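The values are calculated or read from the model by the stated rules, or taken from the named source; none is laboratory data. Since the model is a prediction, treat every value here as computed from it, not as a measurement. Ideal geometry is used to build each Cβ from the backbone, glycine not excepted, and the neighbour counts take in all protein chains shown.
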Amino acid sequence: MTELFFPPGLLLVLGALLMPLGLKVRNLLIFGLPVLCLALVWSLPADYVFTLPFLGFELEPVKVTSTGRVFATIFCIMALVGGIFAYRQASTLELAAAFAYAGSAIGVTLSGDLITLFIFWEVMAIGSTLVIWAAKHDGAYRASIRYLLIHLLGGLFLMAGIAGHVIDTGSIRFEALQLDSIAQYLILAGFLVNAGAPPFSAWIADAYPEASPSGSVFLSAFTTKTAVFTLIIAFPGTWILIPIGIFMIFYGIIYALLENDMRRILAYSIVNQVGFMVTGIGIGTEMALNGATAHAFAHIIYKALLLMSAGAVLYRTGKRRCTELGGLFQSMPWTTLLGTIGALAISSFPFTSGFVTKSMIAQSAADQHLMMVWFALAAASAGVFLHAGIKFPWFVFFQKDSGMRPPEAPGNMIVAMTVFALLCVGLGVFPQPLYDILPYTVSYEPYTAAHLVAQFQLLLFAGLAFFVLLPMMKRTLTISLDFDWFYRKLFPASSAIVEKILIVLQSNSIEGAKALLQGSKDLTKFKVLSRFHLADSWPTGSMVLWIGVILGGYLLMDIYL
Amino acid sequence: MNQETMSEKAINEKDKHWLLRQENIRKLWIGFIAVLVLTVVAGLFVHQHESFGIEDSFAFFAWYGFITCVGMVVFAKLLGIFLKRPEDYYDKVSEINEAHHD
């Protein structure tokens, strides 16, 4: 019973604090903690709740739900395989931060009340900021501060919402919430900021690609998917999530098409993929929620795999722009192969994990007769192949020959990528183990002839469109404006203008004030009224005295009249 | 002169990885188009049943996938006219600010 006193996620958070003790300790923790945490999560019986009285509330620091367990499971796997990918190349700061980050994400998935959730939520923000920081270059530092500001804003929404919700209802339970008052909307907004929903989508593509090769792998997994988890629990079937999700899907595609930085392409596609999940949560049927949960599980694996292959390329070449890359398949064949498997999985190619998960969301849209949603999702599936499935491997590993012949990725990176590539294919071919742990019973058969033919037609003709339009896809040395323009350009620029005005005023004001004072003195001196006492200039002290007298008078009147 | 560049080209072609040679690229295209035709033909033998009607029409997913992708690329291209900026667009601001604060 004693080991249940602390949430499994806390294992990783506390373990992270021990990592600086030495390289051997650190590596032992990297391989041991996620396994231990996973074992702990699965040793707890379903519906297990651990309560803790706190300030008159009943906290539930550990509450096992079927949805939470799926997310905790994939987070543990992610921490382990990410650790394998990173442990030889990454700094101890990065690894410790990543584990604290992963642990707090697991903490969120197992929290039964909003206070516990909020605490882990904020630890996540700190851990992830430190992961970006660990890249130790100027751009990363500045990006991490912008990242932190957005997450503090999201945290603020969440905290205000939780406080309001507790006042409204008296309950701190983390369960399905009704959008009754502004408090619940604030909670929703707090969750959506972390999901990368509009207007705050830009932080993902701004911050993640600035992290180290391994840092962006960790970052891709936890924050947005924790937000998906909280939305599944708190706001299933909230219709507003459908348009938000659809917007995110197409936002991700369009911005990724415009992008030149290989990891930023993948960052935009995180928004795109989370959009599918958010849409599914908005639809809210059992099949849709199963689909969102399963898709989050599959997504973490193939997105990490894609970012690992991009990270390996960055590690070996030091280059991140598509315009500088190309032809790498000749000297990095394994990275190419494994990265391409990730690209096929994100495109929901048959016999990969995306095919058996994403289609549940589309199917639920069809079952609910949401025709527009279904058509949008079908177009988006083609678009995913376009912007991530082909574009990423094509521009990084194939296209023109950049002339670079970097050595193959280091062994530990290859091992990590192989594990995830096997999982991508394994889940695609044998989806049953994943279906078995989903929150609701699965009555869905992905491998029908109709579904296979539809998906092959959709994807392969999307591929045709890519190669036909290749001249239009030519990369340019540009970035794309986004909502972050407001806080990166407009606010600094306007503050600079205000500053300038203030400086001008400052230098002029002293002179001006003197002249004004002199002028007014001159003016009053010659005024007829200046003969009278009240029109004279008074010392401040006498004014305070008279105000005191007046207030005192009010007091006396109040008491005696 | 002309002959020399021609022979150079021929040597380059041989030096290239097999995947990058012109002849093989042509073969890959032929294979790709064959697969595309195959998926359309296969579509004739299965029944799509999403209950919207149109999804069961001839080669629906093929043309829908192609058209929507062309649409997205063109839309992105048009949006790019307004949204694209040089890579150092944001850095410039901070440089000005830093210079200002110095």
A:Ala176: small (Gly, Ala, Ser), out of contact with any strand residue (DSSP E or B) (no Cβ under 9 Å at 6 or more places or on another chain), within 24 Å of A:Gly245 (Cβ to Cβ) and not in a helix (DSSP H, G or I), yes or no? yes
Residue by residue through segment B:46-59, note down the ones that are within 8 Å of chain A (Cβ to nearest Cβ), surrounded by fewer than 18 Cβ atoms within 10 Å (Cβ to Cβ) and on the phi < 0 side of the Ramachandran plot. B:Val46, B:His47, B:His49, B:Phe52
What's the number of the condition A:Met413 fails, among (1) of a type outside the set (Gly, Ala, Ser); (2) buried (at least 18 other Cβ atoms within 10 Å of the Cβ); (3) within 13 Å of chain B (Cβ to nearest Cβ); (4) farther than 30 Å from A:Phe375 by Cα? (3)
Tabulated pairs, segment A:116-143, first not assigned by TED's automatic domain parsing to the domain that holds A:Ser220, second modelled with pLDDT of 90 or more, C-beta under 7 angstrom, 6+ apart or interchain: none
Looking at this structure, is A:Leu452 of a type in the set (A, V, I, L, M), assigned to a helix (DSSP H, G or I) and in contact with a Leu (Cβ under 9 Å, 6 or more places away or on another chain)? no
Do you know which residues across segment A:40-69 are assigned to a strand (DSSP E or B) and not acidic (Asp, Glu)? A:Val49, A:Phe50, A:Thr51, A:Leu52, A:Pro53, A:Phe54, A:Phe57, A:Leu59, A:Pro61, A:Val62, A:Lys63
Does A:Ala100 satisfy the condition of being outside the structural domain of A:Gly275 (by TED's automatic domain parsing), among the small types (Gly, Ala, Ser), over 24 Å from A:Cys37 (Cα atoms) and out of contact with any His (no Cβ under 7 Å at 6 or more places or on another chain)? no
Residues satisfying the stated conditions in segment A:307-344, i.e. within 25 Å of A:Phe222 (Cβ to Cβ) and among the small types (Gly, Ala, Ser): A:Ser309, A:Ala310, A:Gly311, A:Ala312, A:Gly339, A:Gly342, A:Ala343
Whether any residue in segment A:239-246 is at pLDDT below 95, at positive phi and surrounded by fewer than 24 Cβ atoms within 10 Å (Cβ to Cβ) is what I want to check. no
Pairing a residue in segment B:31-51 that is within 10 Å of A:Leu460 (Cβ to Cβ) and of a type in the set (A, V, I, L, M, F, W, C) with any residue that is at pLDDT below 90 and outside any helix (DSSP H, G or I), where Cβ atoms lie under 6 Å and the two sit 6 or more apart in sequence or on different chains, gives B:Val40/B:Ala59
Which residue pairs have Cβ atoms closer than 8 Å, lie 6 or more positions apart in sequence or on different chains, and pair a first residue in segment B:63-85 that is more than 7 Å from every other protein chain (Cβ to nearest Cβ) with a second residue that is buried (at least 17 other Cβ atoms within 10 Å of the Cβ) and basic (Lys, Arg)? none
Would you call A:Phe397 within 30 Å of the chain's Cα centre (by Cα), within 14 Å of chain B (Cβ to nearest Cβ), over 27 Å from A:Phe375 (Cα atoms) and crowded, with 18+ Cβ neighbours inside 10 Å? yes
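A quick yes/no check of all residues on (1) out of contact with any Asp or Glu (no Cβ under 9 Å at 6 or more places or on another chain); (2) at pLDDT below 75; (3) within 14 Å of another protein chain (Cβ to nearest Cβ); (4) farther than 30 Å from B:Val74 by Cα:
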| site | (1), (2), (3), (4) |
| --- | --- |
| A:Asp482 | no, no, yes, no |
| A:Ile497 | yes, no, yes, yes |
| A:Gln506 | yes, no, no, yes |
| A:Asp522 | yes, yes, no, yes |
Restricting attention to segment A:176-232, report how many residues are within 24 Å of A:Ile162 (Cα to Cα) and more than 11 Å from the chain's Cα centre (by Cα). 21
So A:Asp138 ticks every box in (1) of a type outside the set (Ser, Thr, Tyr); (2) within 19 Å of A:Ala205 (Cα to Cα); (3) within 19 Å of the chain's Cα centre (by Cα) but one. Which box is left unticked? (3)
Which listed residue is among the small types (Gly, Ala, Ser) and free of Cβ contacts under 8 Å to residues at least 40 places away in the same chain, from A:Ala380, A:Ala366, A:Ala388: A:Ala366
Quick count over segment A:248-279, residues being assigned to a helix (DSSP H, G or I) and farther than 20 Å from A:Ile361 by Cα, is 12
Considering only segment A:431-446, how many residues are without any contact (Cβ under 8 Å) to a residue 60 or more places away in the chain and either under 18 Å from A:Leu377 (Cα atoms) or within 14 Å of chain B (Cβ to nearest Cβ) (or both)? 1
